[in-house]
Amino acid sequence: MRITVIGTGYVGLVTGACFADLGHEVIGVDKDPEKVARLERGEAGIYEIGLPELLSRHLGENLSFATDAREAVKRSEIVFITVGTPQGEDGSADLTYVREAAEEIAAGIESYKVIVNKSTMPVGSTRLVERIVRECAAGEEFDVVSNPEFLREGTAVRDFMHPDRIVIGTDSQRAAGIMAELYRPLNAPLIITDPASAEMIKYASNAFLATKVSFINAISNICEAVDADVKEVALGMGYDHRIGFEFLRSGPGFGGSCFPKDCRALIEIAREHGYHFYLLEGVMQVNQEQMELMAKKVEGRLGGLEGKTIAAWGLAFKAGTDDVRESPALEIVRMLAERGARVRAYDPQAMENARRSFPELECAESALDAVRDADLLLILTDWDEFKLQDFRKVGELMRNKEILDTRNCLEPLSIRRLGFTYEGVGR
């Protein structure tokens, strides 16, 4: 099929490249000509495993990029909207870019199109896009479909190619048939429902996963108080098939471009319809308190922060990505620096993005460079590079052999045998 993808961020770029890999003809559209030029050279601009290989394989063949949405839409049967839906001041999703994309699509409609809302959008967005396109392209034939994405940064290509399910929200049998055929090669469970339910599935899924993270973090704090080990507790919980192991890892809190934004948006959606979502508000409060608790742990271990040097390993919100949006790692580093500590940070992929958000950030050239003369090593992102360090060398470089492992990624007994004072979370 001929596909246009409007927006070339994480979702749009991965979606376009993966559809190209499935044999479709794909045009990625972005307003920024410099970004388009970089993409045409095969430069993804984001760290995502497997994405550079897909770009290299299909560029110049069935994958191209352009700035003219109107012409791209004319040449396509299916048009995906994958633009940003940033958080507004009240927590709701800002649909400015979605509205602009809908108007651009309307300008290019000359024959039947399936328009697909792929970005995470509030309930009612499918109807909104349909209304905008109908106003701007009266008499033209089209259908608007909700097809939420479930891509995790760091594993987005794999998630696209091996999805748990594909959700299609539409009232049109014609559009449902085209979308089912589009995704048929993936051989995944297909849920065809109404647009509002499809939109709600995405928000409900992310809110539930965020709830699991905040729940296990709350449990980890109780474990510390009663001398239990949260990793053992999570193991015992996870074998219950009703619960499962996923998202039961305690840590400094959740972050990234989805969970915080989507939880706030769902709270706002509920409020607009007269429901106070106390449970989800609690999830967000626990998440914020968890970050604060990590900063207090550091302060407690060092007897104050003024004049102390802290080596921070990790800035990305999780391993496998360079994304620092709402990263608990970066927020904790910021808290410590504001309270008088000198923080020297290192991350294998995210330092450039972190500097954009926190220009005063002091970055090290390597993990070992970060720990030189440090009073404490703070592990904030569980990159494999950190787990595989020579900790004898780490200890030799540090002023004090103190480790706070907020990701519980090290084995406590082995680290303590090397003379470190080690503390995890909930252990």
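ILE105: out of contact with any Asp or Glu (no Cβ under 9 Å at 6 or more places or on another chain), in contact (Cβ under 8 Å) with a residue 40 or more places away in the chain and either surrounded by 15 or more Cβ atoms within 10 Å (Cβ to Cβ) or outside the structural domain of GLY23 (by TED's automatic domain parsing) (or both), yes or no? Answer is yes for this residue. A single entry from VAL394, VAL371 fulfils the requirement of being touching a residue at least 60 places away in the same chain (Cβ under 8 Å) and either buried (at least 21 other Cβ atoms within 10 Å of the Cβ) or in contact with a Gly (Cβ under 9 Å, 6 or more places away or on another chain) (or both): VAL371. Considering region 108-124, and only residues there that are modelled with pLDDT under 95 and under 15 Å from THR170 (Cβ atoms), the residue that is surrounded by the fewest Cβ atoms within 10 Å (Cβ to Cβ) turns out to be GLY124. Given GLY314, GLY300, GLY340, which one is among the small types (Gly, Ala, Ser) and either without any contact (Cβ under 8 Å) to a residue 12 or more places away in the chain or outside the structural domain of ILE379 (by TED's automatic domain parsing) (or both)? Checking each option against the conditions leaves just GLY300. Quick one: is GLN349 more than 22 Å from LYS296 (Cα to Cα), in a loop (DSSP other than H, G, I, E, B) and without any contact (Cβ under 8 Å) to a residue 40 or more places away in the chain? Answer is no for this residue. May I ask you to list the residues in region 185-212 that are of a type in the set (S, T, N, Q) and in a loop (DSSP other than H, G, I, E, B)? Once the filter is applied, which keeps residues that are of a type in the set (S, T, N, Q) and in a loop (DSSP other than H, G, I, E, B), region 185-212 yields only ASN187. Of all residues in region 375-391, those that are of a type outside the set (A, V, I, L, M, F, W, C) and either outside the structural domain of SER414 (by TED's automatic domain parsing) or not in a helix (DSSP H, G or I) (or both) total 5. Of all the residues in region 238-269, those that are in a helix (DSSP H, G or I) and surrounded by fewer than 17 Cβ atoms within 10 Å (Cβ to Cβ) number 1. Taken over region 186-235, the criterion of being of a type in the set (S, T, N, Q) and touching a Pro at 6+ places or on another chain (Cβ under 9 Å) is satisfied by SER205, ASN217. Any residue at all in region 360-373 that is closer than 30 Å to VAL233 by Cα and in the same structural domain as LEU336 (by TED's automatic domain parsing)? Looking for residues that are closer than 30 Å to VAL233 by Cα and in the same structural domain as LEU336 (by TED's automatic domain parsing), one finds none in region 360-373, hence no.
Could we say that SER357 is touching a Leu at 6+ places or on another chain (Cβ under 9 Å) and polar (S, T, N, Q) here?
On the way: touching a Leu at 6+ places or on another chain (Cβ under 9 Å): yes; polar (S, T, N, Q): yes.
So SER357 passes the test.
For region 213-231, the condition holds for at least one residue, the condition being that it is within 16 Å of the chain's Cα centre (by Cα), surrounded by 15 or more Cβ atoms within 10 Å (Cβ to Cβ) and part of a helix (DSSP H, G or I).
The values are calculated or read from the model by the stated rules, or taken from the named source; none is laboratory data. Every value quoted in this text rests on a predicted model; they were computed, and no experiment measured them. No Cβ is skipped: glycine too gets one built from the backbone with ideal geometry, and neighbour counts run over all protein chains shown.
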